[in-house]
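So the structure is just underneath, and the comments pick up after that.
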Amino acid sequence: MRTKRKKTVRCDEVAKYICERLDEHLDSQRCRAIRKHLQSCSDCSRELANLKKVIALYRREAVPRLTPSVEKRLFSALKLDR
Amino acid sequence: MRSLVEPTQHESELVRKARQGDKGAFSALVKRYESTVYGFAFKVCRNQEQAAETLQDTFVNVYRKLDQFDGRAKFSTWLYQIVTNNCLMKRRKRKIEEAALSLDAAEGEKVGADPEGAVPHQALASFKTTPQDEFVNKELRELLDEAILRLPMDQRIVFVLRDVEGRSSEEAAKILKLSVPAVKSRLRRARVFLREQLREYVET
């Protein structure tokens, strides 16, 4: 009887995966193996957490509002009424 | 948070009328997307004045090229193509100006220290809390500015489109006229670079 080979992954594969497909919830055998690896490897899970923090920092950053003077300049350059 | 206005039937009608020379329709399109374009430009160039210039150049180009928009792509994808081109053009122009300034410096003139010509953006309303918070926020903002400004422009644009604006790899590929694997490769390099740049701040 054939036994199903378990897919294992190395830390460098995990690093590449989390940097390329962080927010893609794929369900392949490789992805499941990576998720399993992350549960048991503190180095990889720390790197993943750090990466998520970096993204969150940029994502939640406030963007200055468009000021009335900038909008006025824009509409004037386009010769449009506001 | 997705910053783009979702397309509606009304939008295609506005585009159609604007293409026929209806200034009111074009004005409505500008109103609809001006904050999106300005916000994206600011996230890429980290400078309010440069974002305002990019905003203006983008809509001037949109007006000139509206005839070329065939409706096969989403209007927002087409708009992002124009704004990203403007960001890249501005970067090239600044590189040339920097090279000219370097030549001047070699002849004894002073040169600004910031390679991007970026000036710190003003304190934003949402950051205003206590003086201590303000200090921490200012420090963090400067760190984020420094790190992202060190990224090559193509990686920076991919990072902003994918991770900050939440666009898909497929849409980013259309906007940048790249393959999806090329987008993913740039994104991976950008993420690794930023994580290394900000390691001390985010290390758990």
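Just so it is clear, none of the values below were taken in a lab; they were calculated from the coordinates. Being a predicted model, the structure only gives us computed values, none of them experimental. Quick reminder, even Gly has a Cβ in these numbers, built from the backbone with ideal geometry, and neighbours come from all protein chains shown.
Kindly flag which residue pairs out of B:K95/B:K177; B:K23/B:K74; A:K79/B:K23; A:K52/B:K90 have an alpha-carbon separation exceeding 19 Å in this structure. Intermediate results must be reported in sequence, preceding the final value.
Numbers: B:K95/B:K177 23 Å; B:K23/B:K74 21 Å; A:K79/B:K23 9 Å; A:K52/B:K90 30 Å.
Beyond 19 Å between Cα atoms: B:K95/B:K177; B:K23/B:K74; A:K52/B:K90.
FRET efficiency for B:S185 and A:R82, Cβ-Cβ distance as r, R0 = 45 Å, nearest 0.05? Before the final figure, lay out each step's value.
Numbers: r = 43 Å, r/R0 = 0.95.
Result of the calculation: an efficiency of 0.60.
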Q) How far apart, in nm, are two points set 7 Å out from the Cα along the Cα-to-Cβ line at A:R30 and at B:D67? A) 4.8
Q | Percent of alpha-carbon pairs separated by more than 14 Å within segment B:5-56 | A | 56
(Q) Based only on other Cβ atoms within 10 Å, what is the fewest-to-most ordering of A:C44, A:C31, B:C45? (A) A:C31, A:C44, B:C45
Q) By counting other Cβ atoms within 10 Å of each Cβ, how are A:C41, A:C11 ranked from fewest to most? A) A:C11, A:C41
Q. What ranking do B:K177, A:K16, B:K184 get, fewest neighbouring Cβ atoms within 10 angstrom at the top?
A. B:K177, A:K16, B:K184
